[in-house]
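This report concerns only the one structure given below.
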Amino acid sequence: MYAPLDNIPRYAVPILPWVMALIAAAIWPRRSRAAGRPRSTDQRLIEAANAAYHEAEAELYDAAHPEILWCERAHWEAFAARHLPGERQAVTILDVAAGTGFVGAVLAPRLRAGDRYIATDISSEMLEKLRGSLSAASFQVETAVAPADRLPMADSCADVVVINSA
């Protein structure tokens, strides 16, 4: 499978289980509503549940999700090689739903003093892990707790916007 915009090979895992899970997820709500069970569509409740899950999961997130680390690493390394060449002006990268900072860690060897890496996530605990893993970075690391649909920054704040596994 290839990403539609950059033509970089992305996944080395069978996609059938994921497709089956998506189909099941699409069918399940219809059955539960048909059975008379209420389903919440309160965005605040969904967001709070998502934040609570990721707060609790932050410490062990990387160990619990190795597929993110091995499936996506080659993509982000190729992305960095292509879009963060050696000779360039300083860049600002916005990582939306950054989690524990996987993308930032992969991009870090290509970033240098003068570059800014802004990471947002719904979980402050995830961002704490990110800050710890990038504490020795030569570039500026900033974080903001925010859901992906309500970022606390101007639309033109970044040169590059990345999102992975969100």
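Could you count how many residues in the range 100-131 are of a type in the set (Gly, Ala, Ser), open to solvent by 10 Å² or more (accessible area, probe 1.4 Å) and closer than 17 Å to Ala56 by Cα?
Selection size over the range 100-131: 1.
Quick one: what pairs do we get from the range 71-87, first residue under 12 Å from Leu111 (Cα atoms), second open to solvent by 60 Å² or more (accessible area, probe 1.4 Å) and at pLDDT 90 or above, C-beta under 8 Å, 6+ apart or different chains?
Ala80/Pro109; Ala80/Arg110; Ala81/Arg110; Leu84/Arg110
With among the aromatic types (Phe, Trp, Tyr), modelled with pLDDT under 55 and either open to solvent by less than 90 Å² (accessible area, probe 1.4 Å) or not in a helix (DSSP H, G or I) (or both) as the only criterion, which of Tyr11, Tyr61 stands out?
The conditions single out Tyr11.
Is it true that Trp70 is aromatic (Phe, Trp, Tyr), open to solvent by 50 Å² or more (accessible area, probe 1.4 Å) and at pLDDT below 95?
yes
Within the set of pairs 6+ apart or on separate chains, which have a first residue in the range 146-166 that is over 27 Å from Arg73 (Cβ atoms), a second that is part of a loop (DSSP other than H, G, I, E, B) and of a type in the set (A, V, I, L, M, F, W, C), and C-beta atoms under 6 Å apart?
Note: pairs meeting the criteria are Pro152/Ala146.
Conditions first: (1) closer than 22 Å to Ile163 by Cβ; (2) at pLDDT 70 or above. Asp42 passes all but one, so which condition is the exception?
Going through (1) closer than 22 Å to Ile163 by Cβ; (2) at pLDDT 70 or above one by one, Asp42 breaks only (1).
Is it the case that the range 75-95 has a residue that's of a type in the set (Ser, Thr, Tyr), farther than 16 Å from Val160 by Cβ and open to solvent by 10 Å² or more (accessible area, probe 1.4 Å)?
Checking the range 75-95: not a single residue is of a type in the set (Ser, Thr, Tyr), farther than 16 Å from Val160 by Cβ and open to solvent by 10 Å² or more (accessible area, probe 1.4 Å).
Just for strands (runs of 3 or more DSSP E) wholly inside the range 77-166: which have at least 2 residues that are under 12 Å from the mean Cα position of the chain (by Cα)?
Result: 92-96, 116-121, 160-163.
The values are calculated or read from the model by the stated rules, or taken from the named source; none is laboratory data. The shown structure was predicted, so the numbers you read here are calculated from the model rather than taken from an experiment. With ideal geometry, Cβ positions are generated from the backbone for all residues, glycine too; neighbour counts draw on all protein chains shown. Protein only, heavy atoms only, side chains kept; ligands, DNA and RNA dropped before computing areas. Shrake-Rupley method; radii C 1.70, N 1.55, O 1.52, S 1.80 Å.
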